[in-house]
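Visitor: My structure is below; once you've seen it, I'll send some questions.
The values are calculated or read from the model by the stated rules, or taken from the named source; none is laboratory data. Note that the structure is predicted; figures quoted are calculated from it, not measured. Every residue, glycine as well, gets a Cβ built from its backbone with ideal geometry; the counts of neighbours run over all protein chains shown. In case anyone asks, the SASA skips ligands and DNA or RNA and just uses the protein heavy atoms, side chains included. Shrake-Rupley method; radii C 1.70, N 1.55, O 1.52, S 1.80 Å.
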Amino acid sequence: MTILAKFSPLRENYERLRALGHDPFSVKFERIVSPTEGVLRGKRTILLGTNNYLGLTFDPSCIDAGVAALEGQGTGTTGSRIANGTYGGHGDLEAALADFYGRQHCMVFTTGYQANLGIISTLVGKDDFLLIDSDSHASIYDAAKMGTAPVVRFRHNDPDDLYKRLRRLGDQPGNKLVVVEGIYSMLGDTAPLKEFVQVKRETGAFLLVDEAHSMGVLGENGRGLAEQEGVEDDVDFTVGTFSKSLGAVGGFCVSDHPDFDILRVACRPYMFTASLPPSVIATTLQALKRMREEPGLRRRLTANAERLYYGLKGLGFELGPEPNPIVSVMLPNKELAIAAWNMLLEAGLYLNLALPPATPNSLALLRSSVSAAHTPAQIDTAIELFGQVGRRLGVLPTPGLVVQAAE
Amino acid sequence: MDAEDDEIVAEIIRALGPSLQSPVTITTDTNITRDLGLDSLAVMDFVMVLEDRFDISIPLERIAEVETVGDLARTIRELRGRS
């Protein structure tokens with residue numbers, strides 16, 4: 001018995017998947033050319049699975065800011081903020097995010113995963129209750145596991161089900177924290193936030209919204225789903241990430257809670273990890289500025305998302321319920337999804353293969369994420385390739401067969 | 001095992017129905033993940049159905065302690081007694 005023997009079933013599954021073509025969990029790009037193009041085995045490949053919503057990863061002003069910070073402040077902070085101190089940039093970024101969201105407080109984390117892990121696991125204690133959506137991101141599930149509060153799961157995007165489960169807790173003392181996401185990362189569906197807010201008000205629960213995939217995407221100013229739905233005043237804690245619209249890595253939480261700052265000395269995933277390097281802080285600050293100054297980026301993103309969504313829908317694919325930058329094609333089974341993913345990659349289109357148990361309802365998905373930086377021609381190429389692959393695999397009807405049937 | 005336990009086990013078997021790939025005989029000794037091939041998500045979804053059947057909350061950390069159908073029945077009985 002080796003210590004890793006328990007993973008034998010996982011290894012067998014993984015080996016079976018790899019035997020069918022390229023390894024979807026280890027795609028190696030030789031070169032990244034732009035936010036929307038990379039080189040894979042010598043072939044130019046359209047990147048349609050990067051979460052690079054605003055395409056800011058190659059923005060010259062962001063790169064300049066990062067280079068200046070790298071040269072002026074060095075490669076890293078080499079420690080946590082509570083032990084090694086805070087650089088000016090960390091405070092500036094927290095102030096800029098608090099200002100963007102119109103909140104009193106902000107804490108920056110080293111990754112978005114740690115932001116959820118730290119904030120959620122620390123907010124609720126053993127005498128409180130944590131209520132999470134059944135389709136929550138792994139970081140929320142892991143926060144639930146790390147924390148000491150009892151965890152209750154409610155049916156995905158179902159405010160009535162949440163209400164029922166809160167009612168079941170009855171008059172047990174303790175605070176209740178409800179966690180939902182702005183846009184869900186697998187199907188691109190949004191939470192019915194107005195209805196969740198209603199439940200929160202009726203039951204006196206606290207509400208945390210993870211806007212990781214909706215920041216820079218939804219709302220007049222890009223603050224996310226809560227802004228779009230006009231319910232920001234009812235959101236107690238907003239979590240977000242720098243690794244999607246802002247093109248870097250890191251996470252944050254903003255809040256108006258008067259005692260928020262105590263979390264800096266209570267939240268272990270904040271306290272016991274090195275803070276972000278100055279260059280990452282600098283590019284993120286500049287990307288936030290660019291995002292605020294250029295609403296055109298968001299308009300292009302929306303136009304591209306709708307072009308892809310309706311293009312694929314027009315071909316006859318089954319998609320998620322809403323046209324958002326996450327566009328997922330549902331395939332009837334895992335085998336077809338794996339075959340289609342490999343064929344698309346061979347043809348020069350990279351996107352994400354998402355399989356159970358990482359997907360809701362055991363779905364097999366080809367998950368695309370659209371960028372403001374995609375050209376309409378790139379989107380059209382993607383639609384064309386999807387059409388070819390769908391017909392070859394028999395997922396879409398082939399025109400030839402339709403003609404034959406009509407004769 | 002008394003009548004209440006039998007009733008709980010019967011409800012568990014009924015709730016498991018839709019998640020099973022093929023028909024199997026389920027007893028109190030059946031291991032939910034190993035013998036029934038349910039992944040972690042499927043287990044949580046099936047427990048949600050039981051929460052509704054018994055009108056109780058079964059917090060996730062209680063599910064982590066459960067291995068067999070019998071374990072689950074005992075957990076449900078205990079949580080029911082509390083409400």
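Visitor: If you filter region A:64-166 for trypsin sites (Lys or Arg not before Pro), then keep DSSP loop positions with at most 15 other Cβ within 10 Å, what is left?
Guide: Details: sites: A:R81, A:R103, A:K126, A:K145, A:R153, A:R155, A:K164, A:R165; in loops: A:R103, A:K126, A:R155.
Qualifying residues, ordered by number: A:K126.
Visitor: Using alpha carbons only, how many angstrom separate the centre of region A:334-364 from the centre of region A:220-258?
Guide: Distance between centres, Cα-based: 30 Å.
Visitor: A further question follows. One quarter of the convex hull surface, Cα atoms only: what value does that give for chain A in nm²? Mind dumping the intermediate values first?
Guide: Working: hull surface 92.6 nm².
With every direction weighted equally, the projected area is 23.1 nm².
Visitor: Gain in length, A:E202 to A:V67, computed as 0.36 nm per residue apart minus the alpha-carbon separation, to one decimal in nm?
Guide: Numbers: separation 135, 0.36 × 135 = 48.60 nm, distance 5.01 nm.
So the extension gain works out to 43.6 nm.
Visitor: From the mean inverse distance of alpha carbon pairs (Kirkwood) and the Cα radius of gyration, derive Rg over Rh for region A:1-73.
Guide: That ratio is 1.19, to two decimals.
Visitor: For the Cα atoms of chain A, what angle does the longest principal axis make with the long axis of helix A:295-315, in degrees from 0 to 90, nearest 10?
Guide: Between helix and principal axis, roughly 40 degrees.
Visitor: Can you give me the distance in nm between label points at A:M330 and A:T375, each placed 7 Å from the Cα along the Cα-to-Cβ direction?
Guide: Reported label-point gap for A:M330 and A:T375 is 3.5 nm.
Visitor: So, one more: Can you pick out the pairs among A:K176/A:K200; A:K145/A:K176; A:K43/A:K313 whose Cα atoms lie more than 18 Å from each other? Mind showing how you got there, number by number?
Guide: On the way: A:K176/A:K200 9 Å; A:K145/A:K176 16 Å; A:K43/A:K313 28 Å.
Long pairs (Cα-Cα over 18 Å): A:K43/A:K313.
Visitor: Sticking with this structure for a sec: What's the center-to-center distance, using Cα atoms, between region A:291-305 and region B:1-44 in Å?
Guide: 50 Å
Visitor: Kindly give Rg over Rh for region A:58-293, based on alpha-carbon atoms, with the Kirkwood expression for the hydrodynamic radius.
Guide: Here Rg/Rh amounts to 0.97.
Visitor: While we're here: Nearest 5 percent is fine: what portion of the DSSP beta bridges confined to chain A is antiparallel? Can you show the working numbers first?
Guide: On the way: 29 of 48 bridges.
Here the antiparallel bridges make up roughly 60 percent for chain A.
Visitor: Within 15 Å, Cβ to Cβ, of B:V43, how many net charges do the neighbouring residues add up to if Lys/Arg are +1 and Asp/Glu are -1? Walk me through the numbers before you get to the answer.
Guide: Numbers: positive: A:K145, A:R153, B:R34, B:R62; negative: B:D35, B:D39, B:D45, B:E51, B:E61, B:E65, B:E67, B:D71.
Here the charged neighbours net out to -4.
Visitor: Which length gain, in nm to one decimal place, applies between A:N84 and A:V265 when the Cα-Cα distance is subtracted from 0.36 nm times their residue separation?
Guide: Full extension from A:N84 to A:V265 adds 63.8 nm.
Visitor: Sticking with this structure for a sec: Just which residues of region A:136-179 lose 50 Å² or more accessible area with every protein chain there, against their chain alone, with the probe set to 1.4 Å?
Guide: A:V151, A:R153, A:R155, A:R168
Visitor: A:R290 accessible area, nearest 10 Å², 1.4 Å probe?
Guide: Result for A:R290: roughly 40 Å² accessible.
Visitor: Continuing with this model, one more query. Just need the Rg to Rh number for region B:3-82, please, alpha carbons only, Kirkwood Rh.
Guide: Value, to two decimals: 0.91.
Visitor: Pull up the cross-link candidates among the aspartates and glutamates for A:K334, meaning alpha carbon to alpha carbon under 18 Å and not fewer than 8 places away within one chain.
Guide: The qualifying aspartates and glutamates are A:E12, A:E15, A:D23, A:E318, B:D39.
Visitor: Moving on. Using alpha carbons only, how many degrees (0 to 90, rounded to 10) separate the axis of helix A:159-168 from the longest principal axis of chain A?
Guide: The angle comes out near 40 degrees.
Visitor: Still on this structure, I have one more. What nm distance separates the two modelled labels at A:D99 and A:A274, each placed 7 Å from Cα along Cα→Cβ?
Guide: For A:D99 paired with A:A274, the spin-label model returns 2.9 nm.
Visitor: Right, here's the next one. Determine the gain in length on full extension of the stretch B:L20-B:D6; use 0.36 nm per residue of separation and subtract their C-alpha separation, reporting nm with one decimal.
Guide: The span from B:L20 to B:D6 would gain 3.0 nm if fully extended.
Visitor: Using only the heavy atoms of the protein chains and a 1.4 Å probe, how would A:T381, A:T283 rank by accessible area, largest first?
Guide: The ranking, largest first, comes out as A:T381, A:T283.
Visitor: Also, quick follow-up: Quick one: Karplus J couplings for region A:135-149, per residue in order, coefficients 6.51, -1.76, 1.60, θ = phi - 60°, nearest Hz, x for Gly and Pro?
Guide: Listing the rounded values in order: 9, 4, 4, 3, 5, 6, 4, 5, 4, 4, 6, 6, x, 9, 7 Hz.
Visitor: Right, next: For the modelled label position 7 Å from the Cα of A:N361 along Cα-to-Cβ, which residues of region A:186-201 have backbone nitrogen atoms closer than 19 Å?
Guide: Under 19 Å, as judged by backbone N against the label point of A:N361, lie A:186-193 of region A:186-201.
Visitor: Still on this structure, please answer the following. Which percent of the accessible heavy-atom area of chain B goes to carbon and sulfur, probe 1.4 angstrom? Don't skip to the end; give the middle numbers.
Guide: Details: 2140 of 4430 Å².
Roughly 48 percent of what the probe reaches on chain B is carbon or sulfur.
Visitor: For n ≥ 4 DSSP H runs only, could you compute -39500 (n - 2.57) per run for chain A, divide by its residues and tell me the 222 nm figure to the nearest 500?
Guide: Computed mean residue ellipticity for chain A: -12500 deg cm²/dmol.
Visitor: Follow-up. Compute the acute angle (0 to 90°) between the alpha-carbon long axis of helix A:8-19 and the principal axis of greatest extent of the alpha-carbon atoms of chain A; round to the nearest 10°.
Guide: 40 degrees
Visitor: All other residues with a Cβ under 10 Å from the Cβ of A:Y270 taken together, and with Lys, Arg as +1 and Asp, Glu as -1, what is their net charge?
Guide: Working: positive: A:R81, A:R264, A:R268; negative: none.
Combined, the nearby Lys, Arg, Asp and Glu give +3.
Visitor: OK, next. Could you tally the net charge around A:T86, taking each other residue with its Cβ under 11 Å from the Cβ of A:T86, Lys/Arg +1 and Asp/Glu -1?
Guide: Values: positive: A:R81, A:R264; negative: A:D92, A:E94.
Charge balance near A:T86 sits at 0.
Visitor: Further question on the same structure: What's the center-to-center distance, using Cα atoms, between region B:50-70 and region A:56-93 in Å?
Guide: Value for the Cα centre distance between the two parts: 47 Å.
Visitor: What total accessible surface area, summed over both chains, is buried at the interface between chains B and A, computed with a 1.4 Å probe and given in Å² to the nearest 100?
Guide: 1300 Å²
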